[in-house]
Amino acid sequence: MEHNIKTTRFFSINKDFLGFLASMLCAVHCAALPLILTFSTLSGLTFLASHTIEFVFIGISAILATWSLIPAYQSHHHNIKPLAIVAIGFILLIASRFFPHGFTEHFITAIGGCFIAVAHITNWRLMKKCC
């Protein structure tokens, strides 16, 4: 699927919306999970805190970012801004792995996911403007 240059609405099926959605789900997962798991009735959801789930979210976000942002930069808007923003997001995700499992790790991971989501919004706006 190539970038749909005629996409005028962000909330439609396009690469940037899918990347935004995956990144925001990752951010919400990281931010809300500690709160959800504190409720004893929801303790059966501890599998959501596994590193496998986290790496799946990060992997999907990385694939979607590569699939969307790099071709848009190379072929259309030639603006480095979305790539810089997504790089900051992934640096934060990597940095969060060096913190003990807890509030700081979840906070940094959530911020990283938000940066990645913002990169997709920025890319979509640049695509809309140039094309």
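Readers should treat all values here as calculations from the given coordinates under stated rules, not as data from a laboratory. In this text the structure is predicted, and so the values were computed from the model without any measurement. Counting neighbours? That spans all protein chains shown, and the Cβs are built from the backbone with ideal geometry, glycine included.
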On full extension of the chain, what length is gained from residue 67 through residue 129, given 0.36 nm per residue of separation minus the C-alpha to C-alpha distance?
20.3 nm
Counting only DSSP loop positions in the stretch 61-98, the chymotrypsin sites (Phe, Trp or Tyr not before Pro) whose Cβ has at most 11 other Cβ atoms within 10 Å are 98
Can you sort 116, 60 so the residue with the fewest Cβ neighbours within 10 Å comes first?
60, 116
Round to the nearest 0.05 the FRET efficiency obtained for residue 55 and residue 21 when R0 = 22 Å and r is the Cβ-Cβ distance.
0.75
Work out the FRET efficiency for residue 104 and residue 84 from their Cβ-Cβ distance, taking R0 = 25 Å, and round it to the nearest 0.05.
0.55
